[in-house]
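Peer 1: Structure incoming, see below.
The values are calculated or read from the model by the stated rules, or taken from the named source; none is laboratory data. Computed from a predicted structure; not experimentally measured. Reconstructed Cβ throughout: ideal geometry from the backbone, glycine too, with neighbour counts over all protein chains shown. Just so you know, the surface numbers come from the protein's heavy atoms only, side chains and all, with ligands and any DNA or RNA stripped out. Shrake-Rupley method; radii C 1.70, N 1.55, O 1.52, S 1.80 Å.
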Amino acid sequence: MSIEYTLLYGLVPPNIGNVAFEQQLGLFLKSPAEYVSGTEIFWGIVSNNMRLVFICMLLSIIYGVGAVFILNYNASIVGIIYGSGIRSFILGATYPVLPHPILYLPHIIVEILAYLFASLAGAMLYKSIKLGEKSYSVFMRDSLIFLGLSIILIFVAGYIEITVPFLPR
C-alpha cells in the first residue's frame, strides 16, 4: 500500500495530488511554533499512537479486518513522505514534505509493526472468545503478548520519531 501511495502521490500532477491528499498533507504543515518541548512531543505522539493501537485491536475484534483501514491510512501518510521526494525530483516541485525522508524509515517500520501486532492481538482475542474454554487461555495469553509487544513498539517508535533531526527543538 505504501509503495502504491508513494507512486500515486509522486507521479500525479500536483494540483490533483494536493487535493486528493489534503488531509494527509495537513499533518506536515504545522509551523515550528506549534511544537513544544521534546518530552511533550513524545507523550503526544505516544498517546495518539496508543489510541490507534487500541482502535486497531478493537476493530480486529469487532470487524475482523477493520484494522486494515488504519494501516491503509498510515500507508497514505508514508506515500506522502516518499512521494513528495519523487515529485520534487521528477516533476520539479519545490521541496519534499520532509528534508530527509529516509531517516523516517525505522520509525515507520516499527510503528506499522506495532499496529500489525495490535491487529493480531485483537484477532486472537476474538478467537479466544469464539472458541470458548477449550482454547481460551492459549489465545488470551498470545493476545496479551502481542498487545504488550505493540505497546512497547509504540514507545520505541515515539522515541525514534522525536530523535529524527528535522523536528524543531
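Peer 1: Among the residues of segment 135-145 satisfying the criterion of being at pLDDT below 85 and either surrounded by fewer than 13 Cβ atoms within 10 Å (Cβ to Cβ) or not aliphatic (A, V, I, L, M) (or both), which is nearest to V46 (Cα to Cα)?
Peer 2: That would be F139.
Peer 1: Sticking with this one: Filter segment 57-76 down to the residues that are under 16 Å from K127 (Cβ atoms) and of a type outside the set (G, A, S), then identify the one that is least open to solvent (accessible area, probe 1.4 Å). Can you show your working first?
Peer 2: Keep residues of segment 57-76 that are under 16 Å from K127 (Cβ atoms), which gives 57-67.
Of the ones still in play, those that are also of a type outside the set (G, A, S) are 57-59, 61-63, 65.
On the way: M57: 22, L58: 97, L59: 55, I61: 43, I62: 128, Y63: 137, V65: 96 Å².
Among those that are under 16 Å from K127 (Cβ atoms) and of a type outside the set (G, A, S), it is M57.
Peer 1: Suppose we filter G132, G64, G148 for residues that are of a type in the set (G, A, S), modelled with pLDDT of 90 or more and more than 30 Å from I16 (Cα to Cα); which single one remains?
Peer 2: Working: G132 fails: modelled with pLDDT of 90 or more; G64 fails: modelled with pLDDT of 90 or more.
Only one candidate qualifies: G148.
Peer 1: Determine whether segment 126-134 contains at least one residue that is in contact (Cβ under 8 Å) with a residue 12 or more places away in the chain, open to solvent by less than 60 Å² (accessible area, probe 1.4 Å), in contact with a helix residue (DSSP H, G or I) (Cβ under 8 Å, 6 or more places away or on another chain) and not small (G, A, S).
Peer 2: There is no residue in segment 126-134 that is in contact (Cβ under 8 Å) with a residue 12 or more places away in the chain, open to solvent by less than 60 Å² (accessible area, probe 1.4 Å), in contact with a helix residue (DSSP H, G or I) (Cβ under 8 Å, 6 or more places away or on another chain) and not small (G, A, S).
Peer 1: Checking the conditions here, which among G92, G79 is farther than 30 Å from L144 by Cα and surrounded by fewer than 20 Cβ atoms within 10 Å (Cβ to Cβ)?
Peer 2: Details: G79 fails: surrounded by fewer than 20 Cβ atoms within 10 Å (Cβ to Cβ).
Being farther than 30 Å from L144 by Cα and surrounded by fewer than 20 Cβ atoms within 10 Å (Cβ to Cβ) holds for just one of G92, G79, which is G92.
Peer 1: Another question, if that's okay. Quick check on segment 151-169: of everything there that is part of a helix (DSSP H, G or I) and exposed (fewer than 14 other Cβ atoms within 10 Å of the Cβ), which residue is modelled with the lowest pLDDT?
Peer 2: Going residue by residue through segment 151-169, those that are part of a helix (DSSP H, G or I) are 151-163.
Now restrict to residues that are exposed (fewer than 14 other Cβ atoms within 10 Å of the Cβ): 152, 163.
Working: I152: 97, T163: 83.
My answer is T163.
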